[in-house]
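The values are calculated or read from the model by the stated rules, or taken from the named source; none is laboratory data. The structure displayed is predicted, hence computed values, not measured ones. Cβ placement follows ideal geometry from the backbone for every residue including glycine, while neighbour counts extend to all protein chains displayed. Protein only, heavy atoms only, side chains kept; ligands, DNA and RNA dropped before computing areas. Shrake-Rupley method; radii C 1.70, N 1.55, O 1.52, S 1.80 Å.
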Amino acid sequence: MTRIAWFRHDLRTIDHPALESATGHGDEVVAICLRTPSTWKRHGWGPRRIQWYDANVRQLSSDLDALGIPLEYIQVEQDEDPARRLAEEAEACGATAIHHGLEAGLDERSLDSRLHSLLDARGIEIHPVTTETVLPVDQIATKTGQPFRVFTPFRKAWDVLLKRTVKSVDPAPGTQTTRLELDMGEPVDGWSPGQAAALTRLGQFLDDGVESYHKRRDRPDLDGTSALSPWLAVGAISPTTCLAPLIQRHGLEPDQWPDGPRTWRDELVWREFYRHVMLYNDGVSMGRPLQAWTEQVPWRGRGDELESWKNGRTGIDIVDAAMNQLVATGWMHNRLRMIVAMFLTKNLLVDWRLGESFFGDQLIDYDFASNNGGWQWSASTGTDAAPYFRVFNPDTQAERIDPDGSFRSRWLGERIPPPPQHDLKSSRTTAIETFRSAREAWNRSTGIEG
Ligand SMILES: Cc1cc2nc3c(=O)[nH]c(=O)nc-3n(C[C@H](O)[C@H](O)[C@H](O)COP(=O)(O)OP(=O)(O)OC[C@H]3O[C@@H](n4cnc5c(N)ncnc54)[C@H](O)[C@@H]3O)c2cc1C
């Protein structure tokens, strides 16, 4: 008997519930991963993200080898249905079941339901489980059973479910030295693929960073965050693996944890919140704003404003330095992502979807749900977004988060010729006025308060 473990955004062998359930029957297990460039393109993946995914699949293959499980990385062509291809592969190898992780995107859910029918027709079982998040985001609901639209109550409900769900915490996989003997792959833009590299990074952060995270996390000039996002984005490490050592250290009531770990836990829960939002709002997967009234904002499209932003030539040092860091390394600090996104969508009034897509082109940690959530937050179009009249002043932010200017000097180099000046005050006023008029127009035309 053969069972298939299908890997998606969970490219690891440690803490992988689908792999565990596939191997738990004593049957032969074959691992499958689909390479779907045309879907990836539609979902906004850039070359870096593709290279990173491929590199992590190669690492996964060698980690699975060590367990005696072969991995097939199957290229799915543009005119092929990935669900059909997978069902045919399962039939061809005489599989009795497919075990896999669930995903929140619209295309992924539709693929799953097609796969379900195709496997049903062939008499093959399907076992979906949660592999991407700590908790199943579809089991978190308001008291009246509705999905959440605001982060803090979501987090409170998440805490309650965590306490109910976790019976015991196994020794943190990150501390199992045998696991760290897995080999490291060829780096992509300086990032080493695979779970061994991710666990090493987690170990360093838990030793040196997490306790002071709350004090240092807004400082791009310091190494104050975990920098685990590239691995979390492809699932080379699970968020449960990240949290388990903290639960062991501080217990099952994250609200009682010291400030550093508690704040870091919040960030991991934001990741789960945006998946929850994507699961219950199909518009997220279709380029629509969550606040319908913001459809009325007369966004600028492609043009000089967008180009100057992409090229790090807006004339605002912190924005330009951050964009240079992004293009050079494929990564950007969270506070800077907020600053550059707000600058593009407010001061330049450029459509947030163009910024969202440029991030997809560049980011090694590109993650559809978190990226969309971050952009909609910054553009004030999202569920739990910054109110439209709250516009960061990037210069003031820069003084606070890069006090001695070291981040800016590192990423600006010599500015020849210097970019034109940008008048932050007047662009802020224009943005607020434009949003206010859009909202009033919406209220008038629909009779609904936006
Ligand atoms: C406009 C914008 C776009 C973004 N695009 C992405 C993206 O494509 N991929 C991505 O992983 N994150 C994205 N984020 C969220 C956040 O900026 C990154 O996750 C974070 O900077 C990664 O650095 P880190 O691993 O050191 O994070 P840490 O601060 O160490 O946090 C730990 C982990 O929590 C998660 N996390 C942290 N902050 C957030 C957040 N605000 N929303 C969701 N998850 C979070 C990440 O998985 C991160 O690795 C975006 C944020 C904004 C404002």
Among the listed residues Leu86, Leu135, Leu119, which satisfies the condition of being assigned to a loop (DSSP other than H, G, I, E, B) and open to solvent by less than 50 Å² (accessible area, probe 1.4 Å)? Leu135
Single condition Phe368 does not satisfy, out of (1) open to solvent by less than 40 Å² (accessible area, probe 1.4 Å); (2) within 16 Å of the ligand (Cβ to nearest atom): (1)
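Quick one: is Arg35 farther than 30 Å from Trp352 by Cα and of a type outside the set (S, T, N, Q)?
On the way: farther than 30 Å from Trp352 by Cα: no; of a type outside the set (S, T, N, Q): yes.
No: the conditions fail for Arg35.
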Could you figure out which of (1) more than 11 Å from the ligand (Cβ to nearest atom); (2) open to solvent by 10 Å² or more (accessible area, probe 1.4 Å) isn't true of Trp331? (1)
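Which of the residues spanning the stretch 346-364 are within 10 Å of the ligand (Cβ to nearest atom) and open to solvent by less than 10 Å² (accessible area, probe 1.4 Å)? Working first, answer last.
Step one: of the stretch 346-364, the residues within 10 Å of the ligand (Cβ to nearest atom) are 352, 355-356, 359-360, 362-364.
Within the stretch 346-364, Trp352, Gly355, Phe359, Gly360, Leu363, Ile364 qualify.
Within the stretch 89-116, track down each residue that is acidic (Asp, Glu), farther than 13 Å from Ala5 by Cα and part of a helix (DSSP H, G or I). First the steps, then the outcome.
The first filter runs over the stretch 89-116 and keeps only residues acidic (Asp, Glu), leaving 89, 91, 103, 107-108, 112.
If we keep only those that are farther than 13 Å from Ala5 by Cα as well, we get 91, 103, 107-108, 112.
Selection gives Glu91, Asp107, Glu108, Asp112.
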State all residues of the stretch 384-397 that are part of a helix (DSSP H, G or I) and either open to solvent by less than 20 Å² (accessible area, probe 1.4 Å) or within 9 Å of the ligand (Cβ to nearest atom) (or both); if no residue qualifies, say none. Pro394
Criterion (open to solvent by less than 20 Å² (accessible area, probe 1.4 Å) and at pLDDT 95 or above) met by exactly one of Ser212, Ser238, Ser229: Ser238
With respect to Arg155, is the statement that it is modelled with pLDDT of 95 or more, out of contact with any strand residue (DSSP E or B) (no Cβ under 8 Å at 6 or more places or on another chain), surrounded by 15 or more Cβ atoms within 10 Å (Cβ to Cβ) and outside the structural domain of Asp27 (by TED's automatic domain parsing) true? yes
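So which helices (runs of 4 or more DSSP H) are wholly in the stretch 185-300 and hold at least 3 residues that are in contact with a Lys or Arg (Cβ under 9 Å, 6 or more places away or on another chain) and more than 9 Å from the ligand (Cβ to nearest atom)?
On the way: elements: 195-208, 213-216, 229-234, 239-250, 259-280.
Of the helices (runs of 4 or more DSSP H) lying wholly inside the stretch 185-300, those with at least 3 residues that are in contact with a Lys or Arg (Cβ under 9 Å, 6 or more places away or on another chain) and more than 9 Å from the ligand (Cβ to nearest atom) span 195-208, 239-250, 259-280.
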Out of all the residues in the stretch 371-383, which are polar (S, T, N, Q) and either more than 6 Å from the ligand (Cβ to nearest atom) or buried (at least 24 other Cβ atoms within 10 Å of the Cβ) (or both)? Asn372, Gln376, Ser378, Ser380, Thr381, Thr383
So which pairs qualify, if the first residue must be in the stretch 60-73 and within 20 Å of Gly26 (Cβ to Cβ), the second must be assigned to a loop (DSSP other than H, G, I, E, B), the Cβ gap must be under 9 Å, and the two must be at least 6 apart or on different chains? Leu64/Thr13; Leu64/Pro70; Ala66/Thr13; Ala66/Leu182; Leu67/Thr13; Ile69/Thr13
Only residues in the stretch 140-157 that are more than 19 Å from Ala385 (Cβ to Cβ) and in contact (Cβ under 8 Å) with a residue 40 or more places away in the chain count as the first member; pair them with residues that are open to solvent by less than 40 Å² (accessible area, probe 1.4 Å) and assigned to a loop (DSSP other than H, G, I, E, B), Cβ under 9 angstrom, at least 6 apart or cross-chain, and list the lot. Ile140/Phe148
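Suppose we filter Arg313, Arg337 for residues that are in contact with a helix residue (DSSP H, G or I) (Cβ under 7 Å, 6 or more places away or on another chain), within 17 Å of Trp411 (Cβ to Cβ), within 14 Å of the ligand (Cβ to nearest atom) and open to solvent by 40 Å² or more (accessible area, probe 1.4 Å); which single one remains? Can you show your working first?
Numbers: Arg313 fails: within 14 Å of the ligand (Cβ to nearest atom).
From the options Arg313, Arg337, the qualifying one is Arg337.
Is it the case that Asp223 is under 20 Å from Ala198 (Cα atoms), open to solvent by 50 Å² or more (accessible area, probe 1.4 Å) and not basic (Lys, Arg)? Explain how you work it out, then say what you get.
Values: under 20 Å from Ala198 (Cα atoms): yes; open to solvent by 50 Å² or more (accessible area, probe 1.4 Å): yes; not basic (Lys, Arg): yes.
Answer is yes for this residue.
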